[in-house]
Each structure stands twice: as structure tokens, then as C-alpha cells.
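Below you'll find the structure, written out as C-alpha cells, and then a few comments.
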Amino acid sequence: MSWPIQVQESSQSRRRGTMHIGVRRRFWMVWLAVLGVFALVAVACGNDDDDAPAPSADGGAEEQPSGDGAEEPSDDDEMSEAEAAAARIAPLFELPQSIHATEPLASLPTGASVALIGLAGLANEDASGREFLAAAELLGLEVTEFSGGFDPASQIAVLEEVATQNFDVAVVQSFTEAAATSPQMAALKDSGTRVIAYGTSIPGRSNDFMDHQFLAEADSEALGSVMADWIVADSDGTANVLAMYPPDFAAARAILAGFEDQIAAICPGCEIVPFPFSAADIAAALPGQVVSALQANPDVDYLIGGFGQALIGIPEALDEAGLSDQVVTVSYYGVGFNQSLIAGGVEQVMALNTSQPFRGYLLADAVARVLTGQQIEDWSDTFYEPLQFIDASNIIETDVDCVCMADDFREQFHALWGVG
């Protein structure tokens, strides 16, 4: 009676321990196959120089293929959608080495006043905030910090307060519902304050509300698409996903939309169960809610945390409910908590990370460049800031936020700024 259960547990354990590493293995297998095809073509082309066909083994002329043209390539030679997805994301397992910005800062914005407006309470925002303050000091910026909180009413009040103080630049981070606060942001910009935003998911790099925006709507959708590629590659196109997202955050809704669109485009065998949650329920009611959702959807085999901290308390709740082996757990925006889970190799196998420390420097650099009238450069064609998939095979920091960037990224910025 116990034998089938033991077999099932062994299979699940093997899947959880190796499938995420298989993403890159599948990419290299495909790449080697492509190289093999090129080698065969090269040999065939070399034989074309002969005037006569090569003799066959029995001494006669080599049999020629029938038909007027070359044989059509077999469907077996084409990449599957899962293999193509693995190939697209393979570079994102490597540690980013360059900040990619190249233009030196024209002048230091010494003495410029900056309002740094955040949510307060999110670990990833705290990490970027610390780096922003360190970079701002080097640039000579005078920074005043404000907490916008998690609800639009408090965010509106902060924006109105900032608008009365004649700051040179306001940095607005991760507002939950930018549509509700857009009149105040427009008024802030119209007052003469330059506005740098992160995570509002309003369309466009610049618009009526801000001079420059990181994590605009299209960026959030792109992030969801990248996660979809990992899921498809890891599951070989068979995933059934419980996709957690906090609907109060416009960026989270856009990430989910990008994820759903990419899954629909490349994975007809995949299914998605959207799971909205409130940030206020993290580490409280949320773990029990996830357990209930998995019990109601026993075919779900992947769980995506909307951001790293959303998983707090969930591994313990799944273990207590006997559901730990049901799902492969991953997340966006991992922090130190997620690094510990990944290092353990059981509760979470992967996080799609941005570099929180890099973001602090990125925002400070954007403040300086908007004041000097210079272009603000994206990190790459893939995304505006560095992305890296972290799993057990490439994890470095096991209990702190992933830097997910070359150790000398600060010095690279310093060189462009002429400081340090």
C-alpha cells in the first residue's frame, strides 16, 4: 500500500531538485544540436566540389534523392516552444557585469533638493533607498524622505505636501494605484518639480505626470513575459500555475497581464489560476488563503509569489497542510528571505530578481541626468535594469538581498559621475 506513495514522493523530489536547472541544460542541448547541423551542412558543402558523386559501398554510383529540390527539414529539427523559451532566458542566469550607461555626467547637481517618496515597509524598497541615499550624498543632493503608505489617500496627501515645498526633483516609488494619484503627480510636475517615478505602470517613459519613469506599464508586462518563459521551459509546456498578485498595485496587474499573454502565446498546455491578495495579509491571513487555493485546485503544480515577501509564512503553512510537494515555488523580486529559501532548495527554487542596490544608484543617476538635461539610458533591450534568475546553482548571497550585479557597479557609476 505504501509503495505507490513512495514512488510519487521520489518523483516529486527529483522534479523539485532538478527541473529548474534543466532550463539551462535544455538550452545547451539545443545549441549543441544546432552546431551539429551546421557541421553536417559544412561537410555536405565540401562534397559539392567533387565532379562526380561518391561511390556507394557496393561500388556503384551514390543514390540520388528523388524529387526536384532539396528535402524539407524535419519537424524534429525545430525547437519546441519550451526549448525556445529556455534559449531566450539562458543569458539571464549569468551575473550582469556592466551598468551599460556610457555618457559621463555633465556636472554634479550639488545642492539640488530631492523628495524621496516611498511606501516604507517593503524590504526591496528599503535596500534601494539605502543605496539611493549613499549615491545622493556623493552627488551632492539634499534629500528629504517621505512615506506614502499603501493607500491612495495617504499618497495623495504626501504628493500635495511635497508640491508646496518647491523641491527640484521628486522621486516617486511603487505607488499602489497611480491612476488615483495622477492629478497630484501632474500638479507636482506642473509646479516645476521634476518627477522621476518607479513602478507606477502608467504607460510611457515620460508623460504628463513624470519626466522619466522606470517600470512603466510595458516594463511590467515584459517582466511577466520573462517569468512565463521560465515556467514554460521548466515544465516543458505543461505547467498549471497559481499566480499570486496584489491587485492594488498597478505594476502587479501589468506583470500578470504580461505573464498571461506570453503563456497564451507559447503554451497551449499550460493553465493559470490568478490569485489576488492584499499586501496587508502577508504573514497573517495570506498563508492560509494560499493553502485553501491549492486544496481547491489540486492540479496546480507551480506557485508564483507576486513579490518575494509575499511568501512569508507560506512554506510553513504548506508543510503543515501536507502540500509542500504539490508545487514548485518561485517569485518575482526576491529579498534575503527568499535567498534563504532557495539556498535550502525545498521551499523555493527560483527568484526572478532585479538588483535592489543597483536601483538605488539608477534612481540617483536619473535625478542627476534630468537636472543636467541628459539622456537616461536603459540597462539593455530586455529590461531597463539588470535581471537575473537566481536558483541553487548560481546563488551567492544566501541570507541577504541578492546584489545581482557586478561587485564594482558603484565604481562604474562613480567613474561616470567623476566622484569616489
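The values are calculated or read from the model by the stated rules, or taken from the named source; none is laboratory data. These numbers come from a predicted model, not from an experiment. Glycine also receives a Cβ, built like all others from the backbone with ideal geometry; neighbour counts cover every protein chain displayed.
Of all residues in region 299-314, count the ones that are modelled with pLDDT under 95 and assigned to a helix (DSSP H, G or I).
Looking only at that region, the number is 2.
Scan region 122-137 for residues that are at pLDDT 95 or above and within 23 Å of SER278 (Cβ to Cβ) and report the count.
Counting residues in region 122-137 that are at pLDDT 95 or above and within 23 Å of SER278 (Cβ to Cβ) gives 0.
Condition first: in contact with a helix residue (DSSP H, G or I) (Cβ under 8 Å, 6 or more places away or on another chain) and modelled with pLDDT of 95 or more. Can you find one or more residues in region 394-410 that meet it?
Within region 394-410, one or more residues are in contact with a helix residue (DSSP H, G or I) (Cβ under 8 Å, 6 or more places away or on another chain) and modelled with pLDDT of 95 or more.
Scan region 236-256 and report the pairs whose first residue is within 12 Å of PHE277 (Cβ to Cβ) and whose second residue is surrounded by 19 or more Cβ atoms within 10 Å (Cβ to Cβ) and among the polar types (S, T, N, Q), with Cβ atoms within less than 6 Å and a gap of 6+ or a chain change.
From region 236-256, the pairs are ASP248/THR176; PHE249/THR176.
Name the strands (runs of 3 or more DSSP E) wholly inside region 138-241 in which the number of residues that are at pLDDT below 90, buried (at least 16 other Cβ atoms within 10 Å of the Cβ) and of a type in the set (A, V, I, L, M, F, W, C) is 2 or more.
none
State all residues of region 90-120 that are part of a helix (DSSP H, G or I) and either of a type in the set (Lys, Arg) or touching a Phe, Trp or Tyr at 6+ places or on another chain (Cβ under 6 Å) (or both); if no residue qualifies, say none.
ALA90, LEU92, PHE93
For region 379-390, which positions are of a type in the set (Asp, Glu) and either touching a strand residue (DSSP E or B) at 6+ places or on another chain (Cβ under 9 Å) or buried (at least 16 other Cβ atoms within 10 Å of the Cβ) (or both)?
Once the filter is applied, which keeps residues that are of a type in the set (Asp, Glu) and either touching a strand residue (DSSP E or B) at 6+ places or on another chain (Cβ under 9 Å) or buried (at least 16 other Cβ atoms within 10 Å of the Cβ) (or both), region 379-390 yields only GLU385.
Quick one: which residue in SER355, SER393 is surrounded by 17 or more Cβ atoms within 10 Å (Cβ to Cβ) and of a type in the set (Gly, Ala, Ser)?
SER355
For (1) closer than 24 Å to ILE99 by Cα; (2) of a type outside the set (S, T, N, Q), each residue gets a yes or a no:
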residue: ASN338; (1), (2): no, no
residue: THR354; (1), (2): yes, no
residue: ALA368; (1), (2): yes, yes
residue: TRP379; (1), (2): yes, yes
residue: PHE383; (1), (2): yes, yes
residue: ASP391; (1), (2): yes, yes
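Quick check on region 276-286. Is at least one of its residues within 30 Å of ALA180 (Cβ to Cβ), in contact with a strand residue (DSSP E or B) (Cβ under 9 Å, 6 or more places away or on another chain) and either aromatic (Phe, Trp, Tyr) or part of a loop (DSSP other than H, G, I, E, B) (or both)?
So far as region 276-286 goes, yes, one or more of its residues are within 30 Å of ALA180 (Cβ to Cβ), in contact with a strand residue (DSSP E or B) (Cβ under 9 Å, 6 or more places away or on another chain) and either aromatic (Phe, Trp, Tyr) or part of a loop (DSSP other than H, G, I, E, B) (or both).
Specify which of the listed residues (VAL290, VAL273) is at pLDDT 95 or above, under 25 Å from ILE263 (Cα atoms), surrounded by fewer than 21 Cβ atoms within 10 Å (Cβ to Cβ) and among the aliphatic types (A, V, I, L, M).
None of the other options fit; the residue is VAL273.
In region 254-270, what residues are surrounded by fewer than 18 Cβ atoms within 10 Å (Cβ to Cβ) and within 15 Å of TYR333 (Cβ to Cβ)?
Hits for region 254-270: nothing passes.
Restricting to region 248-269, and then to whatever is charged (D, E, K, R) and assigned to a helix (DSSP H, G or I), can you tell me which residue is nearest to GLY322 (Cα to Cα)?
Looking at the filtered set, the residue picked out is GLU260.
Failed condition for ILE272, given (1) part of a strand (DSSP E or B); (2) of a type in the set (A, V, I, L, M); (3) in contact (Cβ under 8 Å) with a residue 40 or more places away in the chain, with all others met?
The failed condition is (3).
Looking at (1) surrounded by 21 or more Cβ atoms within 10 Å (Cβ to Cβ); (2) out of contact with any Phe, Trp or Tyr (no Cβ under 6 Å at 6 or more places or on another chain); (3) at pLDDT 95 or above, which is the one condition that is false for LEU416?
Among (1) surrounded by 21 or more Cβ atoms within 10 Å (Cβ to Cβ); (2) out of contact with any Phe, Trp or Tyr (no Cβ under 6 Å at 6 or more places or on another chain); (3) at pLDDT 95 or above, LEU416 violates only (1).
Need the failing condition index for PHE214 against (1) hydrophobic (A, V, I, L, M, F, W, C); (2) over 15 Å from TYR384 (Cβ atoms); (3) over 13 Å from the mean Cα position of the chain (by Cα), just the number.
(2)
Among residues belonging to region 77-107 that are of a type in the set (A, V, I, L, M, F, W, C) and in contact with a Ser or Thr (Cβ under 9 Å, 6 or more places away or on another chain), point out the one that is surrounded by the most Cβ atoms within 10 Å (Cβ to Cβ).
Checked region 77-107; the qualifying residue surrounded by the most Cβ atoms within 10 Å (Cβ to Cβ) is ALA82.
Answer with yes or no whether ALA264 is without any contact (Cβ under 8 Å) to a residue 24 or more places away in the chain and under 16 Å from the mean Cα position of the chain (by Cα).
When the stated conditions are applied, ALA264 does not pass them.
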